[in-house]
């Protein structure tokens, strides 16, 4: 099997991959898509169920209006055309965790079509087509215990059955594992900003299936694809693609043909394995759901939903660069989540220098949160505190060293910056020239050898003297003034 480096070389020369993604997103409704059962995650197995989601004879589905609104909002954010009329269909297949023996989904007439997402591609952006976005119900979950030992058993939890999903299908426009990773990252950002899902991959709120094929470079027709299912992180999706592209190239170069199949990715081994032959649409025997009328979204309702759309990440980044004078990189980091972006803007509007706020959030605040494994919502330092610290540093009232120490104390005590600043007696950076001149003279007198080295041309010794003065002043001396005084005395 080729290494990833080998694959990269081969892909650049003889072959090119074509990648499409099918992303399933659970919607944040309180109840399921066709019944009133709770969608709460973590409930005891088989407690959030009823005759409708269990597929009991005579039980009829009733469509959840909120699920339709969430799906339409997501489709609008993805630049899709919302179809005025869409049809639900029965997708027939037989898994233990599908109690009805079919899944209510949408097939030839989906809710929305022809959207796109833009991803970075070098100095430019690349548009990735979204073929369709449709509504469907989730299946249950099979719980395997005891594998691979002989005492193995499988249990079924049907709490997830009937939870509303949107499936977002991309065009095969992705040309590398890195592009697939970028697409998923941008898609998740957009969905999170709309608020229609929490996109929690650990809880199954966001799941992606990967379709990939390779073809001789320049050939228009797509190659035979394989599908990789049940990969539970974006990083593993990228790794699975690297392996699968290499595998397919090896198969073609050996003169064999690619088998259209569904494969699983083993993250520990870094390999994909064949699971079953890939189903075709006709295998599911789709037909219109007889118990549901066509879903009609008229222009008035569509406009009401579109009015709820928040400012999306890319537009927000552009505005923040313009409004606050921060860099594009700053904006990228600060808009990773809507919550972080909201809190940054709150602080930036209150502070004198938004750029300094951006630097403090990224450098001082986020670093400490990461070390403590805390989310921004649990930060002891509020954005009001960040704004205050930025203003104190901007005015020269506190040094960068004093700011770091105050941030450390805030995290140690679990208290906001203003409170800790008061507890520490409102420490101030000293700019008292006469007091600092006295300290500088004492340090110079106490270190004649270092003075001789400096005057002999070793100008880096200035750092030694600055450090000694800062130590003597207990970190409260103004570093800029200290440098000026030292240069004057030593010169």
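The values are calculated or read from the model by the stated rules, or taken from the named source; none is laboratory data. Just so you know, these numbers come straight off a predicted model, no measurement behind them. Quick reminder, even Gly has a Cβ in these numbers, built from the backbone with ideal geometry, and neighbours come from all protein chains shown.
Things to note:
- Check on residue 196, in a loop (DSSP other than H, G, I, E, B), at pLDDT 95 or above and in the same structural domain as residue 99 (by TED's automatic domain parsing): yes
- Just so you know, in the stretch 339-360 the residues that are within 20 Å of the chain's Cα centre (by Cα) and modelled with pLDDT of 90 or more include one that is surrounded by the most Cβ atoms within 10 Å (Cβ to Cβ), and it is 344.
Residue by residue, here is whether (1) assigned by TED's automatic domain parsing to the domain that holds residue 179; (2) crowded, with 16+ Cβ neighbours inside 10 Å; (3) in contact with a helix residue (DSSP H, G or I) (Cβ under 6 Å, 6 or more places away or on another chain); (4) assigned to a helix (DSSP H, G or I) holds:
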| residue | (1), (2), (3), (4) |
| --- | --- |
| 212 | yes, yes, yes, no |
| 221 | yes, no, no, no |
| 239 | yes, yes, no, yes |
| 244 | yes, yes, no, yes |
| 248 | yes, yes, no, yes |
| 262 | yes, yes, no, no |
| 265 | yes, yes, yes, no |
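- Of residues in the stretch 323-338 being within 17 Å of residue 394 (Cβ to Cβ) and in a helix (DSSP H, G or I), the one modelled with the highest pLDDT: 324
- Among residues of the stretch 98-117 being touching a residue at least 40 places away in the same chain (Cβ under 8 Å) and more than 16 Å from residue 284 (Cβ to Cβ), the one that is nearest to the chain's Cα centre (by Cα) is 117.
- Yes/no for residue 274 being in the same structural domain as residue 25 (by TED's automatic domain parsing) and assigned to a loop (DSSP other than H, G, I, E, B): no
- Meets criteria (assigned by TED's automatic domain parsing to the domain that holds residue 119, at pLDDT 90 or above and more than 33 Å from the chain's Cα centre (by Cα)) for residue 234: no
- The stretch 9-124 holds strands (runs of 3 or more DSSP E) entirely within its bounds, and those carrying 3 or more residues that are surrounded by fewer than 20 Cβ atoms within 10 Å (Cβ to Cβ) and in the same structural domain as residue 230 (by TED's automatic domain parsing) map to 15-26, 112-121.
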